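Student: Attaching a single structure in structure tokens format; questions to follow.
The values are calculated or read from the model by the stated rules, or taken from the named source; none is laboratory data. Since this is a predicted model, take the numbers as computed values, not measurements. No Cβ is skipped: glycine too gets one built from the backbone with ideal geometry, and neighbour counts run over all protein chains shown. SASA here: full protein model, heavy atoms, side chains in, ligands and nucleic acids out. Shrake-Rupley method; radii C 1.70, N 1.55, O 1.52, S 1.80 Å.
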Amino acid sequence: MQRTFSILKPDTVRKGQTGAVLAMMEAAGFRIAAIKKLSISKQQAAGFYAVHAQRSFFDSLTTFMSSGPIFVMVLEKENAIADLRKLMGATNPANAEEGTIRKKFAGSIEENAVHGSDAEETAAFEIGYFFAGYELA
Ligand code: CMP
């Protein structure tokens, strides 16, 4: 069993697509180990996306991620990290395959509905950024 970290981004929550995206995750075999709704500041978004600090889209991305409520969650499944990336589809919805979350729900490369960890070390950092140990016991 492997854990990964995911965010339903402000666009998903604003458009009332939270339930539909969670249903796709559960239908794909993910168990929701922990989930919570919160709003983050621009500074908290910057901490989460620190690896992208030098990218041209960083300011816009952190503004977007702090623009409204999000759901952060820990998902469990065998091969969870790779399988979630596959279920999400390409970062740019224009390149996302049929049947993926981003093909169905994402509006743009920035407002792309969902986030998922890209590797084990990233998942550990991202889970630890939003969840305390007791929330996952
Ligand atoms: P995510 O998988 O959360 O990882 C980094 C995020 O930055 C990405 O999804 C998009 O929301 C955003 N992003 C990545 N590339 C671009 C880009 N070229 N322009 C704007 N936003 C981007």
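Student: Could you identify the single residue in 17, 44 that is away from the ligand (no atom under 15 Å from the Cβ), in contact (Cβ under 8 Å) with a residue 12 or more places away in the chain and of a type in the set (S, T, N, Q)?
Tutor: 17
Student: State all residues of the range 23-51 that are open to solvent by 30 Å² or more (accessible area, probe 1.4 Å), in contact with a Leu (Cβ under 8 Å, 6 or more places away or on another chain) and assigned to a helix (DSSP H, G or I); if no residue qualifies, say none.
Tutor: 24, the sole residue that qualifies.
Student: Return the total of residues in the range 21-35 being in contact with an Asp or Glu (Cβ under 8 Å, 6 or more places away or on another chain) and without any contact (Cβ under 8 Å) to a residue 60 or more places away in the chain.
Tutor: So in the range 21-35, the residues in contact with an Asp or Glu (Cβ under 8 Å, 6 or more places away or on another chain) come out as 28-34.
Those still in the list that are without any contact (Cβ under 8 Å) to a residue 60 or more places away in the chain too: 28-32.
Final tally of qualifying residues: 5.
Student: Then there's this: Please specify each residue of the range 52-68 satisfying the condition of being more than 9 Å from the ligand (Cβ to nearest atom), open to solvent by 60 Å² or more (accessible area, probe 1.4 Å) and over 18 Å from residue 13 (Cα atoms).
Tutor: Answer for the range 52-68, where residues must be more than 9 Å from the ligand (Cβ to nearest atom), open to solvent by 60 Å² or more (accessible area, probe 1.4 Å) and over 18 Å from residue 13 (Cα atoms): 54, 59.
Student: Another question about this same structure. Considering only the range 87-129, state which residues are among the aromatic types (Phe, Trp, Tyr), more than 14 Å from residue 9 (Cα to Cα) and out of contact with any helix residue (DSSP H, G or I) (no Cβ under 6 Å at 6 or more places or on another chain).
Tutor: Within the range 87-129, just 125 meets the criteria.
Student: Out of (1) among the aromatic types (Phe, Trp, Tyr); (2) assigned to a helix (DSSP H, G or I); (3) away from the ligand (no atom under 11 Å from the Cβ), what's the single condition that is false for residue 71?
Tutor: The failed condition is (2).
Student: Next question. Could you check, for the range 9-22, whether at least one of its residues is acidic (Asp, Glu) and over 12 Å from residue 114 (Cα atoms)?
Tutor: No, because not a single residue in the range 9-22 is acidic (Asp, Glu) and over 12 Å from residue 114 (Cα atoms).
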